[in-house]
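This report refers to the structure that appears directly beneath it.
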Amino acid sequence: MATLSVKPGQRFTMPDWHTRSQFISADAERQRSASRRVRQEARALRNETNNQTKWDEHNNRTRLAERISSVNRWKERLDKCLTDIDAEIDALAKVKEAAERALQAKNLPLDVSIECLTLRESRRSVDVVRDPVEEQLRKEVKVIDKAKRELQQRVNEAFEQLCRLRDARQQLSCDHRHKMEALEIDRVCLSLNVNSPNISFKVNPTRVPGGSTVLEWEQNSQHNKDHTEAELKASAKLREAAALAIAQTNNELEAQRVATEFAFRKRIRDLERAYDELRWQERNTMEEISEMEEDIRRLEEDLRSKTRDLKVAHTRLETRTSRPPTELCRDQAQHGLTDEVHQLEGTIRALRQKLVESRDALDALYRQLHRVQTDLGYKANSLLLDNKCMDSRRKLVVPAEKFVPEVDAFNRTTNRALRNGQLELS
């Protein structure tokens, strides 16, 4: 009869088996319950973290968008400020150039005024007079000097203001460049997502970069904007003042030029009248000299004639002394010849006295003629100088390329010619 084999080892009882089965079932139930709890917690965590991540990402995208919008608004303001300051720099530079041209243009009137004063220093004798022309010329020099000082001050102020504007523009440009860089960076950050190819982990990304500020960028931009607007206002005010100074100095100089030329024309008319009066005096004096010389010649002839008559009377009287004694009487002929001698001697004395007086008068006429001719020379010289001054002053109103002198400084004036040291009417 065959025997059954029995597996060696411990044998459990049915209760143990049931207990083990129940333990396994309970443990499985407990594990499933724990797993379900973990799954629920995991699902809740997933939902919560997903929502948190999405909201955080959404909020940060919104913040980046707001930041971009804010920076972009400031960039546009800075763009406008840069446009305005560039326009103001150009406008102020043009005004400065205009002031410099006006300042340079004052050199010619000043040179002309000094030239006129220098020319008029060549006047002679009594014509060296402080007349209204000289006063106007000196006043003109003062007006030009004052205008040059004021224009130079405006040029210096414009230069300094241009420097300040360029400094302000440099600050604006730097701020604008920073805004552009920040916009580019934030736009790149806004465009990033989980599918972007260039995302990666970074070393210590939450560190605070060196030089970081606590939201002072807007205050800095506002300061730059306010500073620029203040400089723009100051520049506009300076442009108005410079333009007003240019117009005012030009008006003052033009008024002074007109006054000076009016004084010149009046002085030239006075000189011409004085010259014509002297020419009339010269002609009359020369006529009087001619008549006086003719009278002197006749006096001399009469004196010679009377001398010959006296010789005849003397000879007759002396010859009659040789009559015989009986005929040597004081007859009517003797008395007549004696009276004739006395009469002729008195006549000769009177003629000689009158001849001396006539010669003295002739000398006085020659001296007077010399004075008249000398004064004519002075007037001619003064007319020549003043007409040359007037011709020189034409440069103030005639373009340099069209300027042709009307007065020959050495040979003529406008309407008179110089001949043998005397001016004669053309």
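Every number here is computed from the coordinates shown, using simple stated rules; none is lab data. Every value quoted in this text rests on a predicted model; they were computed, and no experiment measured them. Quick reminder, even Gly has a Cβ in these numbers, built from the backbone with ideal geometry, and neighbours come from all protein chains shown.
Here are a few things to note about the model shown:
- Share of alpha-carbon pairs per 5 Å distance bin for the range 320-362, given as whole %: 6, 19, 15, 14, 11, 10, 8, 7, 5, 3, 1
- Think of the range 265-334 as having a plus end and a minus end, set by charges on the Cβ of Lys, Arg, Asp and Glu; of ASN284, LEU317, LEU271, LEU317 sits farthest toward the positive end of this dipole.
- Nearest 10 degrees, 0 to 90: helix 14-105 Cα axis against the chain principal axis: 0 degrees
- Using a cut-off of 24 Å between Cα atoms, the listed pairs LYS96/LYS388; LYS148/LYS225; LYS139/LYS395; LYS96/LYS179; LYS54/LYS179 include LYS96/LYS388; LYS148/LYS225; LYS96/LYS179; LYS54/LYS179 as exceeding that distance.
- Note on the range 326-400: dipole from Cβ charges, positive end direction compared against TYR378, ALA350, ALA361; the farthest Cα belongs to TYR378.
- Taking the chain as a Gaussian network of alpha-carbon nodes connected by springs under 10 Å, the highest mean-square fluctuation of the residues LEU162, LEU317, LEU376 belongs to LEU317.
- For the chain, the longest site-free run once GluC sites (Glu not before Pro) in DSSP loop states with at most 14 other Cβ atoms within 10 Å are removed: 1-120
- Net charge dipole size for the chain [Lys, Arg +1 and Asp, Glu -1 on Cβ; Debye, nearest 20]: 3400 debye
- With at most 16 other Cβ atoms within 10 Å, longest stretch of the chain clear of loop chymotrypsin sites (Phe, Trp or Tyr not before Pro) (DSSP): 202-402
- Helix 332-393 and the longest principal axis of the C-alpha atoms of the chain enclose an angle of approximately 10°.
- Charges were assigned to the Cβ only: +1 to each Lys and Arg, -1 to each Asp and Glu. The resulting dipole of the range 1-151 about its Cα centre is roughly 1560 debye.
- Distance distribution note for the range 277-406: the fraction of Cα pairs above 24 angstrom is 61%.
- Cα centroid separation - the range 218-233 against the range 113-178, whole Å: 34 Å
- Between the range 251-280 and the range 43-75, the Cα center-to-center distance that results, in Å: 89 Å
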